[in-house]
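Below is one structure; the comments refer to it alone.
We did not get these values from a lab; they are worked out from the coordinates using the rules stated. Bear in mind that the values here come from a model prediction, so they are computed numbers and not experimental data. Ideal geometry is used to build each Cβ from the backbone, glycine not excepted, and the neighbour counts take in all protein chains shown.
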Amino acid sequence: MFQRPSTSAAGAWRPSSTRARPRRGRSPPTPAAPRRCTPSCRSATSRRCLVPASAICEWTGPTGKKTRHTIARADGAPLFIAGLWADHAHEGEHTQSYTMVMIDTAPGDDLHPFHNRQPVILDRPAAHTWLDPRADYREVLKAPPAGTLVADPPEAVAVG
């Protein structure tokens, strides 16, 4: 039976190696839900995590006149996003650094107007499946049902 982990850790949103760093001015790639598991994928998916958030933001419009859309659960509950984590020991330091990445998938009905992909947002049963290392996680890596997410009224923001 699945048991809840007894520890938690804070992490940073950053690439974990020099090779993974994006070129200047570009966002780091977001991994899509794996379709076929390679040996490296199997080791990565053993480090599944949940990334909690109160909301996510999507931006639309031309450069300089972007509109921010804040997207949250319709029921007001927190979002739990499927993620993967890694730890990296730094030479000469006694600390551990944790990095995380969110898993994305094709957009569902709620996010389709904003983007061509979206984070995998999990409900409670799907979150348990995602965190259980023995479970087949492939069925939970999809967009939530229509009506799960709502976008706040758009907010015009000058972004260059």
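Overview of values
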| read-out | value |
| --- | --- |
| Potential extension, residue 123-residue 66 segment - 0.36 nm per residue separation minus Cα distance | 17.5 nm |
| Residue-wise HN-Hα coupling along region 113-128, computed from phi with Karplus coefficients 6.51, -1.76, 1.60 (Hz; x: Gly, Pro) | x, 9, 7, 8, 7, 7, x, 6, 9, 9, 7, 4, x, 5, 5, 5 |
| Virtual spin-label span in nm between residue 74 and residue 55, 7 Å along Cα→Cβ | 1.7 nm |
